[in-house]
Amino acid sequence: MSAPNRAKKSRAATRVLPEEDPEFQIAPMIDILLVLLVFFMSIATDQVLQVSKDVVLPVAKDAQQPTPEEKKKVQMMVNLLWLDMANKGAIEVDEQKIEPSALQEMITKRKQLNPDFRVIIRADKRTKYAYVRSVMVAIGGAGVPNVTFSAVDKETENKPKPTN
């Protein structure tokens, strides 16, 4: 036997056979989780952008999360602000201030596009009942039977600013 053949046989004899069970690869799992994280963050961004920091919601300890079926429905979020200096309310829809007289027309147009349309009212807890009622009358006049009030289940850090 020649020297190169003996070297090949000795290398083959000392070679470690591969394991039968493959190792778990963590890097692809992390890649997939990061893609899912980005996906869910991009979906949630739309709802986060609709929140107005000027509205301080009232507390509702028995509040419930909406079901997935309710989330699928088309909705409009109406923010009701109370301006202490002027002692009057203001309406904000899609980050734009609108006049109370234009609210009913805007809701009617959106209701015509989808019969399952609903309105979510986020009223500042300082907002007077008469003002909230006038907004509800406009929503009712537009023919929307599904109105939801947004509230929080605990006191938050952003308390209303004291007025002098």
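The values are calculated or read from the model by the stated rules, or taken from the named source; none is laboratory data. These numbers were taken from a predicted model, which means no experiment stands behind them. Backbone-built Cβ (ideal geometry, glycine too); neighbour counts: all protein chains shown.
So which of THR148, THR108 is within 27 Å of ILE43 (Cα to Cα) and in a helix (DSSP H, G or I)?
One residue alone meets the criteria, THR108.
Taking the condition of being within 24 Å of the chain's Cα centre (by Cα) and either modelled with pLDDT under 85 or assigned to a loop (DSSP other than H, G, I, E, B) (or both), how many residues in region 77-105 meet it?
Residues meeting the conditions: 2.
Go through region 94-117 and give me each residue that's under 15 Å from VAL147 (Cα atoms) and touching an Asp or Glu at 6+ places or on another chain (Cβ under 8 Å).
The answer is none; no residue qualifies.
Within region 85-104, how many residues are surrounded by 13 or more Cβ atoms within 10 Å (Cβ to Cβ), of a type outside the set (S, T, N, Q) and touching a residue at least 24 places away in the same chain (Cβ under 8 Å)? Don't jump to the end; show me each part of the working.
Going residue by residue through region 85-104, those that are surrounded by 13 or more Cβ atoms within 10 Å (Cβ to Cβ) are 89-93, 98, 100, 103-104.
From what's left, of a type outside the set (S, T, N, Q): 89-93, 98, 100, 103.
Restricting the remaining residues to those that are touching a residue at least 24 places away in the same chain (Cβ under 8 Å) gives 89, 91-92, 100, 103.
Adding up the residues that qualify gives 5.
Please list, ordered by residue number, the helices (runs of 4 or more DSSP H) wholly in region 1-72 having 3 or more residues that are out of contact with any Leu (no Cβ under 7 Å at 6 or more places or on another chain), among the aliphatic types (A, V, I, L, M) and modelled with pLDDT under 80. Outline the logic, then answer.
On the way: elements: 3-14, 26-49, 68-72.
Output list reads 3-14, 26-49.
Does ARG122 satisfy being in contact (Cβ under 8 Å) with a residue 60 or more places away in the chain, surrounded by 12 or more Cβ atoms within 10 Å (Cβ to Cβ) and closer than 23 Å to ALA60 by Cβ?
Numbers: in contact (Cβ under 8 Å) with a residue 60 or more places away in the chain: yes; surrounded by 12 or more Cβ atoms within 10 Å (Cβ to Cβ): yes; closer than 23 Å to ALA60 by Cβ: yes.
Yes, satisfied.
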